[in-house]
């Protein structure tokens with residue numbers, strides 16, 4: 001565990017190229033975006049004023065937060081169950097869980113979004129099957145709405161939610177669980193009053209990661225929302241590329257980045273970065 | 001183990017446990033008396049912890065039955081046996097305060113809030129944790145965590161308390177303090193204690209009986225002085241403390257004991273010599289041996305040469321070699337050691353007849 005000066009210098013040198021790249025490719029251009037938000041179309045705080053009064057912008061923010069919250073709850077809950085099997089299941093169960101967690105990483109977000117369209121659309125697999133077995137007579141509207149967006153985003157984000165949970169579950173001392181049972185606690189009670197509270201840092205880390213990712217989603221809501229469930233990232237795109245309203249687009253970007261930055265600061269107060277992988 | 005406030009009586013009948021091809025415990029039959037303080041002693045891998053886990057219900061035996069107060073509890077899950085248990089490393093709930101940890105077994109038993117408050121308060125006082133009620137385990141010292149673990153395991157008045165090497169993480173002075181504390185708790189609660197350790201002095205100091213394990217087998221069980229002074233075999237003799245062994249020839253039964261030839265000198269033993277005849281090993285604890293210039297007629301003795309001495313402060317440890325090459329170690333007063341060393345090759349080691357015992361010649 002030595003951390004001499006030369007070790008630190010070495011580490012700094014190794015990280016330098018990445019840091020330089022991040023500064024040139026992200027931080028520097030972002031400063032330009034900040035500048036636009038105060039200068040376009042006229043200098044002043046006009047765009048931030050518009051953010052507070054524009055009904056459309058506000059409804060998009062509210063929708064984004066709502067979708068992000070729902071996706072977070074569903075993803076973390078589903079990831080918790082999968083992680084439980086991955087970390088504490090039989091060897092065969094672990095293998096299956098690991099496969100389910102890793103395979104999604106090999107398929108692009110675009111492919112997955114179109115996959116969900118194929119499954120969920122009016123003439124998609126799910127509606128066709130449900131009609132074939134006579135369960136429904138009219139197709140259900142499962143896509144091009146908020147429901148479709150939530151399904152697609154949850155599917156994408158579950159694997160990311162797994163890692164902080166797995167880290168928390170792996171570091172848990174089994175003897176504490178034995179102790180609970182030895183003291184007369186049923187398996188169910190041990191799970192809820194000992195196991196779950198002891199994985200709290202994992203739950204918080206997992207939820208914050210999913211929530212932060214959700215706020216910036218673009219492709220999935222654009223495809224599965226069909227223009228009817230616009231989220232913040234898509235709104236920024238529309239403001240900058242479709243209506244020439246660069247100042248407002250820039251102001252929304254700045255607010256989003258500040259909000260995400262605050263959440264990340266909160267995240268690292270609760271968990272160390274190494275617990276996320 | 002189900003009646004609160006009443007010490008349990010446990011019978012293990014032919015208990016065996018295999019993990020794959022590894023035989024962790026073999027045909028163990030043992031009665032644990034009501035209110036007894038029984039120590040399971042043995043090196044690691046001897047089966048003592050496996051037996052404790054079987055008593056707790058965390059490990060299912062491959063064969064044999066387990067009875068508590070006459071009821072067969074072999075198939076009863078751990079949470080229904082509810083033996084109090086103190087783990088190595090304490091296994092406290094890290095997210096609960098001292099108070100909440102101790103209240104846990106009462107909460108799962110759905111006791112009323114008033115009763116929980118009263119009993120947790122009493123227990124905190126009994127183990128000396130007043131003022132620490134709201135702290136988390138991470139804010140406590142090792143000794144304090146130990147007390148929480150004991151309080152949590154005793155608060156619901158279990159019929160038996162199981163302790164798995166509870167003091168292994170404590171430093172020496174704290175360990176002595178906690179041992180005294182545990183002895184006191186045993187007397188106050190009257191509960192049956194089953195204690196696992198690999199430390200022989202701890203076992204001898206605390207227990208009403210000691211059960212010695214090796215390679216999955218129970219070798220001997222008895223009161224501390226019984227197993228120390230009359231070990232059943234060589235392993236027990238050596239595990240419980242230092243022992244000197246001298247080859248003995250022509251062993252035969254005599255008046256209230258046995259006689260034999262130790263390096264051509266007749267020596268005698270008291271007590272039951274067991275199966276006597278032919279060759280055997282005479283075993284004597286070092287502290288029962290003394291050094292003399294000459295052994296008087298009829299006294300047990302063997303001539304030896306001092307080869308090495310180690311100053312221990314209160315005494316000196318002397319290593320000696322007999323004429324026929326047996327190695328002997330004794331602990332003697334410093335001036336006796338100095339005299340023995342200056343005399344060169346002519347000292348006698350003597351011992352009282354009742355302190356020697358026989359072990360089978362060779363092996364266990």
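Among the residues of segment B:58-81, those identified as within 14 Å of chain A (Cβ to nearest Cβ), in contact with a strand residue (DSSP E or B) (Cβ under 9 Å, 6 or more places away or on another chain) and either surrounded by 14 or more Cβ atoms within 10 Å (Cβ to Cβ) or not in a loop (DSSP other than H, G, I, E, B) (or both) are B:58, B:59, B:73, B:76, B:78, B:81. Filtered by the rule that a residue be assigned to a loop (DSSP other than H, G, I, E, B) and touching a strand residue (DSSP E or B) at 6+ places or on another chain (Cβ under 8 Å), segment B:21-44 gives B:33, B:34, B:35, B:36, B:42, B:43.
Limited to segment B:151-189, what total is found for residues that are surrounded by 15 or more Cβ atoms within 10 Å (Cβ to Cβ), out of contact with any strand residue (DSSP E or B) (no Cβ under 6 Å at 6 or more places or on another chain), part of a helix (DSSP H, G or I) and more than 12 Å from every other protein chain (Cβ to nearest Cβ)? Summing the residues that are surrounded by 15 or more Cβ atoms within 10 Å (Cβ to Cβ), out of contact with any strand residue (DSSP E or B) (no Cβ under 6 Å at 6 or more places or on another chain), part of a helix (DSSP H, G or I) and more than 12 Å from every other protein chain (Cβ to nearest Cβ) in segment B:151-189 gives 9.
Does residue A:126 qualify as being surrounded by 14 or more Cβ atoms within 10 Å (Cβ to Cβ), touching a residue at least 40 places away in the same chain (Cβ under 8 Å) and away from every other protein chain (no Cβ under 14 Å)? Against the criterion (surrounded by 14 or more Cβ atoms within 10 Å (Cβ to Cβ), touching a residue at least 40 places away in the same chain (Cβ under 8 Å) and away from every other protein chain (no Cβ under 14 Å)), residue A:126 does not qualify.
Of the residues making up segment A:177-193, just one is under 35 Å from the mean Cα position of the chain (by Cα), at the interface with chain B (Cβ under 8 Å from one of its Cβ atoms), crowded, with 18+ Cβ neighbours inside 10 Å and farther than 11 Å from residue B:104 by Cβ, namely A:178. Filtering segment A:151-193 to residues that are in contact with a helix residue (DSSP H, G or I) (Cβ under 8 Å, 6 or more places away or on another chain) and outside any helix (DSSP H, G or I) leaves A:172, A:183, A:184, A:185, A:186. Among the residues of segment A:194-213, how many are surrounded by fewer than 19 Cβ atoms within 10 Å (Cβ to Cβ) and either at the interface with chain B (Cβ under 8 Å from one of its Cβ atoms) or not in a helix (DSSP H, G or I) (or both)? Counting residues in segment A:194-213 that are surrounded by fewer than 19 Cβ atoms within 10 Å (Cβ to Cβ) and either at the interface with chain B (Cβ under 8 Å from one of its Cβ atoms) or not in a helix (DSSP H, G or I) (or both) gives 2. The criterion of at least 3 residues that are farther than 28 Å from residue B:300 by Cα and touching a residue at least 60 places away in the same chain (Cβ under 8 Å) is met by the following helices (runs of 4 or more DSSP H) wholly inside segment B:197-284: B:200-206. For first residues located in segment B:11-23 and at positive phi, partners that are in a strand (DSSP E or B) and lie 6+ apart or on another chain with Cβ distances below 6 Å form the pairs B:14/B:27; B:14/B:29; B:14/B:64.
Counting only residues that are farther than 21 Å from residue B:338 by Cβ and surrounded by 18 or more Cβ atoms within 10 Å (Cβ to Cβ), segment B:283-298 holds 3 of them. Name the residue that is nearest to the other protein chains (Cβ to nearest Cβ), counting only residues in segment B:82-111 that are touching a residue at least 60 places away in the same chain (Cβ under 8 Å) and more than 19 Å from residue A:173 (Cα to Cα). Checked segment B:82-111; the qualifying residue nearest to the other protein chains (Cβ to nearest Cβ) is B:82.
Annotation for segment A:255-275: at least one member residue is surrounded by fewer than 21 Cβ atoms within 10 Å (Cβ to Cβ), in the same structural domain as residue A:55 (by TED's automatic domain parsing) and not in a helix (DSSP H, G or I). Of all the residues in segment B:120-129, those that are in contact with a helix residue (DSSP H, G or I) (Cβ under 6 Å, 6 or more places away or on another chain) and at pLDDT below 95 number 3.
Residue B:54 fulfils the conditions (1) in contact with a strand residue (DSSP E or B) (Cβ under 8 Å, 6 or more places away or on another chain); (2) away from every other protein chain (no Cβ under 14 Å); (3) closer than 30 Å to residue B:144 by Cα except for a single criterion, (2). For segment B:131-150, the count of residues that are within 23 Å of the chain's Cα centre (by Cα), within 12 Å of another protein chain (Cβ to nearest Cβ) and buried (at least 21 other Cβ atoms within 10 Å of the Cβ) is at least one. Scanning segment B:299-324 for residues that are in a strand (DSSP E or B), touching a residue at least 12 places away in the same chain (Cβ under 8 Å), surrounded by fewer than 17 Cβ atoms within 10 Å (Cβ to Cβ) and over 29 Å from the mean Cα position of the chain (by Cα) yields B:305, B:307, B:321.
Mind telling me which of the residues B:216, B:222 ends up being buried (at least 22 other Cβ atoms within 10 Å of the Cβ), over 30 Å from residue B:148 (Cα atoms) and out of contact with any helix residue (DSSP H, G or I) (no Cβ under 6 Å at 6 or more places or on another chain)?
B:216
Against the conditions (1) assigned to a helix (DSSP H, G or I); (2) buried (at least 21 other Cβ atoms within 10 Å of the Cβ); (3) more than 10 Å from chain A (Cβ to nearest Cβ), residue B:114 satisfies every one except (2).
The values are calculated or read from the model by the stated rules, or taken from the named source; none is laboratory data. Predicted, not measured: the structure shown is a model, and the values here were computed from it. Using ideal geometry, Cβ is built from the backbone for each residue, glycine included, and neighbour counts are taken over all protein chains shown.
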